[in-house]
Amino acid sequence: MLWKSKTLIGLVWIFLCLLSAAGVYMIPATYKAEAVILVDSQKVPERYVASTVNADVQDRLATISQQILATSRLQKIIDQYHLYQSEKTRLPQEEIIETMRKDTKISLERGWSQDRTSAFRIAYQGPDPATVADVANQIGNLFIEENLRTRENHAEGTSEFIEEQLQQAKKTLNVLEGQVEDYKLKHKGELPEQESSLASALSRAQIELQANQDAINRAGQSKALLSTSLTMAESTAKVLEHTVAARNSSSATAADSNTRNSTALQAELDAMRLRYTPEHPDIRRLEKLVAQARQSEKTAQASQPGAAGGGSDALASVAPDLLQQRERIAGLRTELGLATRDLDLRTTERKDILNSIAALQGRMDTLPVREQELTALSRDYEIAKANYKSLLDKRIAADMATDLERRQQGERFTMIDPAQPPAKPFSPDRPAWAGLGCALSLLIAIAAGLAREMKRNVLLGEWELPPDIAILGRITVIVPASLPAGKAPA
């Protein structure tokens, strides 16, 4: 069948091949330009300045792509390079923008580490080689600019947020610091850190109390001795006064009086010896008076007639002693008053010391309570202080990161391979399409030849008969003798 229809098949094949080739070469050429952008790492090591932009490059590219491929920006590029002029007459603006998005391709490239994007390509395809290169470079520059602006805005936003938190933390810290200061001023002298000073003050007060008690004991003893001395001096003075008053008495009475006088003087002398040394003037004076009194007693006993004369001599010697005794009584009373006053002052001072000890002991007893209260205030204050210090460190780091982004020293995009006008079209692949057209043309030509044979109602073989029909015989091809060799009868 193929051989019988070889002419038809050949003509149809050639015609269809020429037709498909013409159609392929009539398709307008589409050119594609690519710009390669490198993801350049941060210039300053992160151990010195940590970046506040920690988003993955792929995530940032997705975000920036949405911003750059927005309708407003693509419309500016379309107007700038006069793209899709023929489509504007038959398509709405939304479809033209969507067509440009489809014509723009962004592909990522991995570096040595499969987890890190080292570069990416921006490709754009269109009918004009120069235009597609310019558009690809324009989109690449937009990516670079948008990345810098996004990183800088992100760093500035982080810095502003930390600054607001820092100011709020500072206000909280000032409030807590004021509460701690007010508490310390209100409970001054009862704070835990003053425990040592309170213990020292309490120890000093106890020492002062012991010294005061000793002084009170000495003052009491002095007052008692002065009272005893005053009592004895008053007794002596009474004796001397009695001696002077009884100068006209009888000798027996005078003798008895002298006896009583010597006995009183001897008792006073014994009392004075307990307080003073033998060289004391009062001791010597009393010894002299005792000796005179005893001498007077002896004289009175020896001679009764001479008693009057002796009594006169004794009275003459007793009169100055009486005057001295009275002066001594006045001095003793003065000393006793001073001793009493000193004892009262010491007693009052003891009360003050006891009150001071009680106050100090009360402060010592309240130290555990003050310590708990101050610990509660100090805990919040220390937490706020640590938070403020942490935020202050973060603000300094954020300011450094912001300055790093402003100086373009952080991670950035660099166009290492700008797009160049392509020398040959990206599509269509004319040889491939032409070859495919020829193959299809051949199949169509063969199908046409087969169809032609099928329409002649010719039985090609017994395989075309139904299976239930019996074959009675087969007739071979009879070639007439008049026909040339190799040619079958019609």
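Rounded, prolate or oblate, given the Cα gyration tensor of region 382-449, with a/c below 1.5 counting as rounded?
Details: a/c = 15.33, a/b = 3.66, b/c = 4.19.
It is oblate, given that a/c is not under 1.5 and a/b is not larger than b/c.
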**Asked** Which distance in nm do the two modelled labels at Ile444 and Leu185 give, with both placed 7 Å along the Cα-to-Cβ direction?
**Response** 10.3
**Message:** Compute the distance from the alpha-carbon center of region 152-176 to that of region 58-93, in whole Å.
**Reply:** 39
**Message:** Just to verify a number: FRET efficiency for Ile396 and Ser200, C-beta to C-beta distance, R0 = 60 Å, to 0.05?
**Reply:** 0.85
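Let a ≥ b ≥ c be the square roots of the eigenvalues of the Cα gyration tensor of region 109-207; is it rounded (a/c under 1.5), or, if not, prolate (a/b larger than b/c) or oblate?
Numbers: a/c = 10.93, a/b = 4.16, b/c = 2.63.
Taking the square roots of the gyration eigenvalues as a ≥ b ≥ c, region 109-207 is prolate.
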**Request:** Return the FRET efficiency for the residue pair Phe161, Ala432: r is the Cβ-Cβ distance, R0 is 45 Å, and the value is rounded to the nearest 0.05.
**Result:** 0.20
**Message:** In region 117-179, if the dipole is taken from +1 on Lys/Arg beta carbons and -1 on Asp/Glu beta carbons about the Cα centre, which of Val135, Gln168, His154 is farthest to the positive end?
**Reply:** Gln168
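When you count, for each residue, the other Cβ atoms within 10 Å and take the mean per peptide, how do 149-161, 181-193, 374-386 rank with the highest first? Show your work: numbers first, answer last.
Details: 149-161: 17.3, 181-193: 12.8, 374-386: 14.6.
So the peptides 149-161, 181-193, 374-386, ranked by packing, come out 149-161, 374-386, 181-193.
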**Prompt:** For region 338-396, what is the charge dipole size about the Cα centre, in debye to the nearest 20, if Lys and Arg each add +1 at the Cβ and Asp and Glu each add -1 at the Cβ?
**Reply:** 280
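Nearest 20 debye, what's the magnitude of the dipole of region 395-434 about its Cα centre given +1 on Lys and Arg Cβ and -1 on Asp and Glu Cβ? Could the numbers behind the result be given before it?
Values: 6 positive and 6 negative charges, 28 e Å.
It works out to roughly 140 debye.
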**Request:** Sticking with the crude label model, points 7 Å out along Cα→Cβ, report the distance from Gln66 to Leu465 in nm, one decimal please.
**Result:** 7.6
**Prompt:** Considering amide H positions built from the backbone, and no H for Pro or chain starts, which residues 5 or more places from Asp128, or on another chain, come under 5 Å of its amide H?
**Reply:** Tyr31
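All of the numbers you see were taken from the coordinates with simple rules; none came from a lab. Remember, it's a predicted structure, so these values are computed and weren't measured experimentally. Counting neighbours? That spans all protein chains shown, and the Cβs are built from the backbone with ideal geometry, glycine included.
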